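This report concerns only the one structure given below.
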Amino acid sequence: MTIRLSTESLTESFMATPESDSQPVISVEGVSKKFCRDLRRSLFYGVKDIAADLTGGRPHSDRLRPQEFWALKDISFQLHRGQAVGLVGSNGAGKSTLLRIISGLIKPDTGRVRVRGRLAPLIALGAGFNPILTGRENIYANMSILGLTTQQIKQRFAEVVEFAEIEEAIDAPVQTYSSGMAARLGFACAIYTEPNILLVDEVLAVGDARFKAKCYRRLYELRQRGVAFILVNHNSQAILNICDQAIYLTRGALVAQGEVNAVVDQYERDLFLNSIERSENRMVFPPKAAEESNGIDFRDLFFRDGDGQPTQTLLTGEPLSLCAVCEAHDSYSGVALDIRIAKVGGIESAGYVLSLRGQNDDAFFQLSPGLSEIRLQMPYLGLAPGVYSAQIRLRKDAVYTFDLVESFRFTVTSQQNVNKCQFYQPRSWSMVPVVPVSAGQLLP
Amino acid sequence: MPPELIYTPDSLLRRPRFLLWTMWRDLLASRELAWRLMVRDISAQYRQAALGIAWAFIPPVAMAVGFTLAKDANVFTVGETDIPYPAFVMFNTALWQTFVDAATGPVQAVIIAKPMLARVNFPREAIILAKLGEVGFNFGIKLVLIVGLFLFFRVPVSWTVILAPVALIHLVLLGTLVGILLAPIGVLYQDVSKSLNMIMGFWLFLTPVIYPVPTEGAFGMLVALNPVAPLLVTTRELATTGVLTEVVSFWVVSGLTLLGLLLTWVGFRIAMPYVVERVTS
């Protein structure tokens, strides 16, 4: 033990040694937490717990008292250096509670958590911002709360201001900032604490698309540097982009953990309750009863090739149709498809690659009860090879949504060389002789 | 690499050495943060007030004017005071206010810091230290008033004035003890902050602030049992006449304060995670 400690302190700068790599930075072992929904009783339990702890411990912290429930039950996982884990689960699944236990804010009721390394919670955007004080003063206060010394803050100050893009407003009170500016400042403060472990909770919902993309880029850079992540996001897209592992929680219980695609798939399957069949580049939905439906439902999403035959191979540059088989329970007019496609993975993955909206193209359809197939014909598939995720909505008059598929994932491949291209450009080459023109004569 | 942190459901009291070590470590670690928070709070406090720093003077002056007028009109009678009555009231009020600041400060500060406490795991001691610093700062401003007062009324000052800060610190620590004791419960139940003003008003009544120490009757007994009295009286006596009347009770209260402060600090540390878990979700 002593030997290991001393070698560790000697080789502090060699953190990337395989020995320290094999040690998890976070290890959660059988953690449970109970909560109470009734406020009065909850406060009373709080006082009771404090009293019990002050007299030497809570003997039955693993049993539920009246009106309590398990917010987390028996969760175990490990996080290694440079790994990124996504936490998925519906509201109230215990994701934030788990993050709060890991950051040491609240005590687990059973089990234990071990943390090695500097941990920064990105749950804390703008914690301690005082609206009366200037941006400058707030950066100092906020970053000291996050655990930096004044010296360290001075060193990073310029970078923080630059990242947050508030140079001209730095000496104005924070209450004069727009909500986006305050959020940017909060994010910049948190991200420049240079942690080894970053807990990110839904914070990337702030700011405009460009700043969001910048945040994702920064997170990506940090990951390359070996920072470990735990990311909570309702948008499975973000999880797929950043994480390689995922954990799926439902009502405090760990349902699945492992490779990100498999876990997110399972989560999405459960999210839409019914048994959606997913195969390569296709999604089939079971029929819905009329009372569960909002009028029209998706039944099948797939592709057709240039000859109109269903296909599972999507080739860059070839003709392709995206087909949506819909079941209407009544007659509707003004129905349009709204398709947004984003690339999965990689640094440039924030934002949509394509946003194709039927209502912008005046592509409204009249649906009568029964099945109909809406097709989006693309003379050339412009997407470069890769994995994409499409969000598809079935809408009426741009306001009402009949049905929504959060993430229809498909893979595009290519037979030709489109490396180094962002998209496929249909093209032809030719050469024509040029007739010399004399001076003074107008060009055609 | 920072040392490994382990979070378990077990009580920290079962590992007293570890507990004391983390208390010491966090106290050291929170110095800079406490300074930042103090600077933040003080600048925010005076920035949105038109009268600014004058707010530190107004309460003792108002109190002294009121009671001096009332006394001159013979609304009530008080015994002989060893310094002129207006100076006596103003000086005592400044000391009493410092005690009240130290007692109510931690409760208010922890309540205000709730969103921060719920999200970031920083040394909680920093909030208390920042508040102590603020109490010191506010007293420093009042000191200007007191010096002016002493010059104006030609109050005799003994050499013992250099010892007065020691007694004052004990007074502030007693206030902090009360504050830290109430802070965790104050976050859970609003009853604490609601009743705090009332309690302080009643407590003021039992403290020799507007009257000299009574020696007789049931009231004299009550005042003698008030722990603030010997600290406040001794601070005043050290600063003025230099003749001490409550030496024994001063040391008894001081000793109990220091011991009690350590115990409430342990309690505060143990209680805070439970408090944080109950106030937010």
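The values are calculated or read from the model by the stated rules, or taken from the named source; none is laboratory data. None of these values were measured; they are calculated from a predicted model. Positions of Cβ are backbone-derived with ideal geometry, glycine not excepted, and every protein chain shown enters the neighbour counts. For the accessible areas, the whole protein counts, side chains as well, though only heavy atoms, and no ligand, DNA or RNA atoms are used. Shrake-Rupley method; radii C 1.70, N 1.55, O 1.52, S 1.80 Å.
Per residue of A:35-43, count partner chain C-beta atoms within 10 Å of its C-beta, then hand back the mean as an integer. If you can, show how the numbers build up before the last one.
On the way: counts 3, 1, 1, 0, 1, 0, 0, 5, 7.
What the average comes to for A:35-43 is 2.
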Task: Positive-end residue, the protein assembly as shown charge dipole about Cα centroid, Cβ charges, pick of A:ALA324, A:THR55, A:ALA84 - done: A:THR55
- [ ] Give the share of C-alpha pairs in each 10 angstrom bin for the range B:16-279, from 0 to the last occupied bin, in whole percents, shortest bins first.
- [x] 6, 28, 34, 22, 8, 1, 0
TODO: Excluding residues fewer than 8 places away in the same chain, name every one of the aspartates and glutamates whose C-alpha is closer than 16 Å to that of A:LYS154.
DONE: A:GLU137, A:GLU162, A:GLU167, A:ASP171, A:GLU194, B:GLU32
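Hey, got the dipole for the range A:276-413? About the Cα centre, +1 on K and R Cβ, -1 on D and E Cβ, debye to the nearest 20?
Details: 13 positive and 19 negative charges, 62 e Å.
Charge dipole of the range A:276-413: 300 debye, to the nearest 20.
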Task: Eligible lysines near A:LYS420 by straight Cα distance, threshold 16 Å, same-chain separation 8 or greater - done: A:LYS343
Task: All lysines inside 27 Å of B:LYS71 as judged from Cα atoms, apart from same-chain residues fewer than 8 positions distant - done: B:LYS142
- [ ] Name the residue farthest towards the positive end of the dipole of chain A from the options A:TYR192, A:LEU43, A:THR313, assuming +1 on Cβ of Lys and Arg, -1 on Cβ of Asp and Glu, about the Cα centre.
- [x] A:LEU43
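If the limit is 18 Å between Cα atoms, which of A:LYS33/A:LYS107; A:LYS73/B:LYS114; A:LYS48/A:LYS107; A:LYS212/B:LYS114; A:LYS73/A:LYS95; A:LYS34/A:LYS73 go over it?
Where the Cα-Cα span goes over 18 Å, the pairs concerned are A:LYS73/B:LYS114; A:LYS212/B:LYS114.
If you restrict to DSSP beta bridges whose two residues both lie in the range A:276-413, what percentage is antiparallel, to the nearest 5? Before the final figure, lay out the partial values.
Numbers: 50 of 52 bridges.
Here the share of antiparallel DSSP bridges comes out near 95 percent.
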Open item on the list: Counting pairwise Cα distances across the range A:276-413, what percent come out greater than 22 angstrom?
Closed with: 37 percent
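Kindly work out what percent of the DSSP beta bridges joining two residues of the protein assembly as shown are antiparallel, to the nearest 5.
Details: 74 of 93 bridges.
Antiparallel: roughly 80 percent of the beta bridges in the protein assembly as shown.
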Open item on the list: With just the Cα atoms defining each centre, how far is the range A:116-183 from the range B:172-243? Give it in Å.
Closed with: 40 Å
Task: Peptides B:19-25, A:161-167, B:126-132 ordered by average Cβ neighbours within 10 Å, highest first - done: B:126-132, A:161-167, B:19-25
Open item on the list: Pairs of alpha-carbon atoms within less than 8 angstrom and 6+ residues apart define the contacts here; what relative contact order does chain A have, in percent?
Closed with: 13 percent
Open item on the list: Using alpha carbons only, how many angstrom separate the centre of the range A:400-414 from the centre of the range B:44-108?
Closed with: 71 Å
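Using a 10 Å cut-off on Cβ to Cβ distances, tally the other chain neighbours for every residue of B:40-48 and report the average as a whole number.
Details: counts 12, 3, 0, 5, 7, 1, 0, 5, 3.
For this peptide, the per-residue mean of nearby foreign Cβ atoms is 4.
Using the per-residue mean of other Cβ atoms lying within 10 Å as a proxy for protection, in what order, highest first, do the peptides B:87-94, A:151-158 fall?
Numbers: B:87-94: 24.6, A:151-158: 14.1.
Top of the packing list down: B:87-94, A:151-158.
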Open item on the list: Ordering B:TRP96, B:TRP251, A:TRP429, B:TRP265 by accessible area with a probe of 1.4 Å, largest first, what comes out?
Closed with: A:TRP429, B:TRP251, B:TRP265, B:TRP96
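Sort B:169-177, A:184-192 by packing, meaning the average of other beta carbons within 10 Å per residue, with the highest value first. Let's see the in-between values first.
Values: B:169-177: 22.4, A:184-192: 25.4.
Going by the mean number of other Cβ atoms within 10 Å, highest first, we get A:184-192, B:169-177.
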Task: Folded to 0 to 90 degrees: helix A:260-271 orientation relative to chain A principal axis, Cα - done: 80 degrees
Task: Highest-fluctuation residue, B:GLY186, B:GLY217, B:GLY136 considered, GNM on chain B with Cα pairs under 10 Å - done: B:GLY217
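Pairs of alpha-carbon atoms within less than 8 angstrom and 6+ residues apart define the contacts here; what relative contact order does the range A:276-413 have, in percent? Each step should come with its number before you reach the end.
Values: 331 pairs, mean separation 37.9, N = 138.
Relative contact order here is 27 percent.
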Open item on the list: I'd like the orientation of helix B:228-239 relative to chain B: the angle between its Cα long axis and the longest Cα principal axis, in ° from 0 to 90, rounded to 10.
Closed with: 60 degrees
Task: Cα shape, the range A:73-126, gyration tensor, a/c 1.5 rule - done: rounded
Task: Peptide B:26-36, shielding by other chains (average Cβ, 10 Å cutoff) - done: 3
TODO: Take the Cα atoms of the protein assembly as shown, find their three principal axes, and give me the spread along each one in whole Å, biggest first.
DONE: 113, 81, 64
